[in-house]
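This is the structure I want to talk about, given as structure tokens.
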Amino acid sequence: MLLLMLSPAARNQVPASRARATKKEPAPRFNATATNGEKFSNISIKGKVVLLEFWTTWCAYCAVEAPLVEKINREFTGKDLIVLAVNVGESKKTVKNISTASRNCKVVLTDDTNLAAMYAATVYPIYVAIDRDGNIAGTQRGAGGEEALRELLASADLDIKTESETDAASATP
């Protein structure tokens, strides 16, 4: 019954390695305001690849994966990637204490967006890649490490090196 109530985006979970082969659905319409006041919507992200990361401060897996997300965010600073780290259900004070010390990507609070409800964010972390045309390229529920994040972003046609591509290039004589 719950699966029937989830948005199409939440049901579109595809392993990153297979995400390219599926038909992409448009991302649900959204508005989000980062803690720095910057505003985002479907219109403002067109032409960019977007990684939505749903997280909480109490989630141990989120804490482990946050530096990986930050590493990718730094790698693409000023390029074609927007990372929105959507904190789910925590106070501004709690999030500010954590995010100002360790997060450089755009941090969004649940109160400032409708994204968590749209993607049925009830387990953490959840990642959603949106391509330059505003379509959902793939989702990942749960921690998967840096390689899984890179594959997810590659499914959105971000020019990002994955471990398998790096290994193949180094094996070529």
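FYI, it's all coordinate maths here, none of it is from the lab. Fair warning: this is a prediction, and the values are worked out from it, not measured in the lab. As a convention, Cβ positions derive from the backbone with ideal geometry for all residues, glycine included, and neighbour counts pool all protein chains shown.
Please list 38-46, 24-32 highest first by mean number of surrounding beta-carbon atoms within 10 Å per residue.
24-32, 38-46
Over the Cα atoms of region 28-79, what radius of gyration and what Dmax do you get, in Å?
My reading of the Cα-based Rg and Dmax gives 12.7, 33 Å.
Going highest first, how would you order 103-112, 48-57, 130-139 by mean Cβ packing within 10 Å?
Those peptides, ordered most packed to least, come out 48-57, 130-139, 103-112.
If you bin the C-alpha pair distances of region 9-160 every 10 Å from 0, what whole percents do you get?
Taking all Cα pairs of region 9-160, the binned fractions are 12, 47, 37, 4, 0 percent.
7 Å from Cα along Cα→Cβ at both residue 135 and residue 77: what's the point-to-point distance in nm?
A separation of 3.3 nm, rounded to one decimal place.
Next up: Which one, 81, 30, 152, projects farthest toward the positive side of the charge dipole computed for region 9-160 from Cβ point charges (K/R +1, D/E -1)?
30
Would you list which lysines come within 25 Å of residue 92, measuring only between C-alpha atoms, while excluding same-chain residues fewer than 8 positions from it?
Cα-Cα hits under 25 Å: 39, 71, 106.
A further question on this structure: What is the packing order of peptides 114-125, 147-158, taking the mean over residues of other C-beta atoms within 10 Å and listing the highest first?
The most tightly packed comes first, giving 147-158, 114-125.
In addition: Tell me, what is the percent relative contact order of region 49-173, built from C-alpha pairs under 8 Å that lie six or more residues apart? Kindly include the intermediate steps, with their values, before the conclusion.
Details: 195 pairs, mean separation 37.1, N = 125.
Reported as a whole number, the value is 30 percent.
Percent antiparallel among DSSP beta bridges with both residues in region 9-160, to the nearest 5?
Beta bridges within region 9-160, antiparallel portion: roughly 60 percent.
Holding the Cα-Cα limit at 32 Å, pick out from 24/93; 24/161; 48/93 the pairs that are longer than that.
Going by Cα-Cα distance, 24/93 fall outside the 32 Å limit.
Trypsin sites (Lys or Arg not before Pro), restricted to region 53-94: which are DSSP loop and have at most 15 other Cβ atoms within 10 Å?
Filter output for region 53-94: 79.
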